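See structure below.
The values are calculated or read from the model by the stated rules, or taken from the named source; none is laboratory data. As the structure is a computational prediction, the values presented were derived from the model and not from experiment. Cβ: placed from backbone, ideal geometry, glycine included. Neighbour counts: every protein chain shown.
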Amino acid sequence: MVADRTAGRCPSLCGCGAGHPKEVTPLAVWVSGVLGGPGQGNSMRRDSGASAGNKRGGYWGGMLFGLLFFAVGAAFLLLSVIPNLWDALRMRDWVQVPAKVVAVDLKSNNTDDSTTYKVTARFSYAYQGQRYTGNRVGIADGGSDNVGDWQRDTYARLKGQHQTRLWVNPDNPAESIFDRKLRWGLLGFKLVFITVFGGFGAAVFWYLFRKPKPVPPGLPAWQARAEWVDNRIRSNARSTLWVAWGFALFWNAISSPIPFVLPGELAKGNQLAWVALIFPLVGLGLLVWAIQQTLNWRRFGITLLQMDPFPGAIGGDVGGVVELRLPYNPKYRFRATLTCQHVYTRRTSDGSETVRDAKWQDEQLAEVQPGLHGTRLRFLFQPPGDLPESSAGDAGRYEWTVQISASLPGTDFDRSWEIPVIENAGPQTARERIERRLVEVDPLVLPDAVVRIRETGAGVELYYPYLRNPGMALGTLVTGGVFVGFAWLFHAAATKDGISDLFIGLFAAVGVLIILLGLYLAGNSLRVTAGRRGLNVERGIFGLRLARHAATDEISAIEKSIGMQSRQGNRSRAYYRIEVRTRDGRRITAGNGIPGASRVDAIIQRIHQALDLPDRADTAEKTEARFEETLTTVSAAEAMAGQDHMNRVRRLISVAAGVVFFAVVIWQFRDVISRLL
């Protein structure tokens with residue numbers, strides 16, 4: 001389960017800190033159906049007695065369903081994993097004695113998909129003058145399996161041997177064992193069942209026993225959500241903490257057998273097995289993330305947002321106060337970001353996914369004041385009046401979220417809240433109460449790495465330098481390098497495993513194209529000069545200059561749109577693009593990669609003044625993203641190409657490359673997968 005593909009009540013995996021009435025997790029959908037939720041057709045005409053009976057039956061059905069899954073995980077834990085660990089612990093004090101190998105055998109069980117093995121043996125030994133017979137070979141001496149090569153390797157060690165050594169319990173000499181080492185690969189395989197089955201059963205129990213916060217009757221429609229009743233809105237920190245640990249444990253349980261299976265695959269000459277190391281490395285990263293979330297929670301705890309005014313208003317004020325458990329320091333800089341995004345479900349080739357498409361975003365520095373617990377943060381935004389309000393629906397919903405972050409000594413602060421923002425919100429009194437004491441952030445204060453603005457004698461010059469998005473460029477280069485690396489591994493194994501040259505060529509071609517795109521992101525600059533004579537735009541790509549010009553009387557509009565979006569869980573980071581439209585249909589990029597709608601508006605106003613154009617009210621302003629959400633790298637290439645049909649071609653290529661990649665990896669690891677299953 002992926003965090004951003006799940007939506008529903010906050011304790012699910014969405015991690016947003018609030019409840020979503022319409023979009024729920026598959027678990028919630030199933031349990032809701034079992035518990036006798038609202039049906040279709042004539043189901044609404046059932047009498048209350050029948051409805052109560054259905055709910056009771058659904059409750060016990062859900063309990064039975066969860067119990068079955070939980071029992072599987074508990075059985076592996078109580079009957080296998082814990083006894084094995086206890087045996088390994090108590091066998092540390094056992095002593096070795098000489099023994100005679102009476103018999104040894106390797107039994108195999110062939111099925112259509114795989115072959116399992118079980119080594120059996122019988123030993124004869126003496127301890128303190130008494131003769132004993134033993135037949136325990138290993139700690140996990142149960143049924144047959146094919147996890148690793150322990151069964152066959154142990155048989156090879158005993159076959160043809162007449163003498164060996166056994167570990168004997170000095171307190172009970174009749175108890176002995178040949179190999180007292182733990183089989184970590186098999187133990188990890190069992191942990192998969194414990195985590196997946198037991199965890200799912202526990203999640204069903206939690207859903208059945210949870211008690212949602214009651215909502216008082218008679219409240220407005222927007223306040224029907226329990227999280228928005230008392231203007232004390234919780235952040236997403238607690239749900240993110242649970243998601244981090246749950247996902248980290250789940251992923252590491254799934255990938256735990258790989259380090260023990262990998263050496264055997266490499267010994268067989270399967271060099272493609274190195275690819276499997278990606279999974280435990282990702283698991284390590286998830287574990288670090290979970291630890292960071294834990295430290296963050298211990299430092300800041302629950303952070304409540306009190307809106308001022310409540311609720312926020314479309315075309316009015318959206319503000320609030322956050323009290324932090326942090327010693328006051330006026331030098332701290334907290335960035336507040338307000339985002340309006342459309343959240344909807346989109347069908348994909350493998351099911352569906354939840355899409356978060358930012359429609360508007362702005363940011364500012366929050367005011368830092370002494371507070372009740374150390375530090376108080378204030379923010380105040382004025383979103384335009386043409387944006388949608390907070391809503392919910394089957395086809396999608398609109399979310400308004402506030403994110404506040406800061407780099408601090410020790411653990412950084414990063415929290416977000418989903419807040420109510422509606423039309424006709426009533427009197428806007430926030431500005432009068434705080435008497436304009438908020439920090440007025442110059443929207444043009446941008447890092448020089450993003451844009452450099454200077455006045456010239458003829459107008460204004462904007463320079464967007466090289467490496468203005470280094471993280472995006474590096475990520476794209478790494479992705480391309482991974483594809484090229486896979487192509488090299490496939491080429492190395494092509495002769496042995498019969499991999500088609502078409503697959504190898506496709507991976508290499510995709511990798512080279514992505515690397516070129518990463519080089520473009522790192523090595524392009526943009527210089528925009530606006531004056532009474534018109535607009536001059538010069539694009540630089542590693543020294544190559546591409547110039548465009550538009551006279552003032554040719555310009556019909558200057559528009560802003562969201563060109564790129566980055567995703568992290570349920571959060572969106574929007575980057576605006578400025579386009580100049582001419583009367584002959586040309587579109588000239590005059591800026592990109594700019595965070596914050598107010599900054600973009602101020603830059604457009606500067607260009608308007610320099611060009612001496614009519615008032616901006618006569619110019620179209622598009623705050624809605626022009627193109628459908630795609631990967632960040634695809635969006636960047638789209639801005640470079642400027643053609644919609646290229647976006648569709650790239651999407652098809654990405655899907656094809658993904659299908660081919662997973663098909664080849666699954667084919668190469670078919671032996672490993674068959675062992676694990």
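Considering only residues in region 318-329 that are part of a loop (DSSP other than H, G, I, E, B) and in contact with a strand residue (DSSP E or B) (Cβ under 6 Å, 6 or more places away or on another chain), the one that is surrounded by the most Cβ atoms within 10 Å (Cβ to Cβ) turns out to be Leu326. When region 146-162 is filtered for residues that are of a type in the set (S, T, N, Q) and either part of a helix (DSSP H, G or I) or under 16 Å from Tyr132 (Cβ atoms) (or both), the ones remaining, listed by number, are Gln151, Thr154. Are any of the residues in region 593-609 over 30 Å from Val402 (Cβ atoms) and charged (D, E, K, R)? The answer is no; no qualifying residue exists.
If a residue has to be modelled with pLDDT under 80 and either crowded, with 17+ Cβ neighbours inside 10 Å or not in a helix (DSSP H, G or I) (or both) to count, how many in region 174-196 make the cut? Show your work before the answer.
Going residue by residue through region 174-196, those that are modelled with pLDDT under 80 are 185, 188-189, 191-193, 195-196.
Keeping just the survivors that are either crowded, with 17+ Cβ neighbours inside 10 Å or not in a helix (DSSP H, G or I) (or both) gives 185, 188-189, 191-193, 195.
Of the residues in that region, 7 qualify.
In region 129-145, how many residues are in a loop (DSSP other than H, G, I, E, B) and under 15 Å from Met91 (Cα atoms)?
Step one: filter region 129-145 for residues in a loop (DSSP other than H, G, I, E, B), giving 129, 135-137, 139-144.
Those still in the list that are under 15 Å from Met91 (Cα atoms) too: 136-137, 139-141.
Number satisfying all stated conditions: 5.
Filtering Glu440, Glu432, Glu455 for residues that are surrounded by fewer than 17 Cβ atoms within 10 Å (Cβ to Cβ), among the charged types (D, E, K, R) and modelled with pLDDT of 70 or more leaves a single hit, Glu455.
For residues that are within 18 Å of Leu186 (Cβ to Cβ) and modelled with pLDDT of 70 or more, tally how many sit in region 262-278. So that I can check it myself, show each step before the final result.
So in region 262-278, the residues within 18 Å of Leu186 (Cβ to Cβ) come out as 262-265, 276.
Now drop any that are not modelled with pLDDT of 70 or more, which leaves 262-263, 276.
Residues that pass the stated criteria total 3.
Looking at Ile578, Ile603, which is the one that is at pLDDT below 90, under 30 Å from Glu418 (Cβ atoms), not in a loop (DSSP other than H, G, I, E, B) and not assigned by TED's automatic domain parsing to the domain that holds Gln341?
Ile603 is the lone residue from the list that is at pLDDT below 90, under 30 Å from Glu418 (Cβ atoms), not in a loop (DSSP other than H, G, I, E, B) and not assigned by TED's automatic domain parsing to the domain that holds Gln341.
Filter region 330-361 down to the residues that are among the basic types (Lys, Arg) and assigned to a strand (DSSP E or B) and list them by number. Within region 330-361, Arg335, Arg346, Arg347, Arg356, Lys359 qualify. Contact list please: Cβ distance under 7 Å, first residue in region 142-153 and farther than 16 Å from Ile258 by Cα, second residue of a type in the set (Lys, Arg) and surrounded by fewer than 19 Cβ atoms within 10 Å (Cβ to Cβ), pairs at least six apart or on different chains. Between residues of region 142-153 that are farther than 16 Å from Ile258 by Cα and residues that are of a type in the set (Lys, Arg) and surrounded by fewer than 19 Cβ atoms within 10 Å (Cβ to Cβ), the close pairs are Gly143/Lys118; Ser144/Lys107; Ser144/Lys118; Gln151/Lys118.
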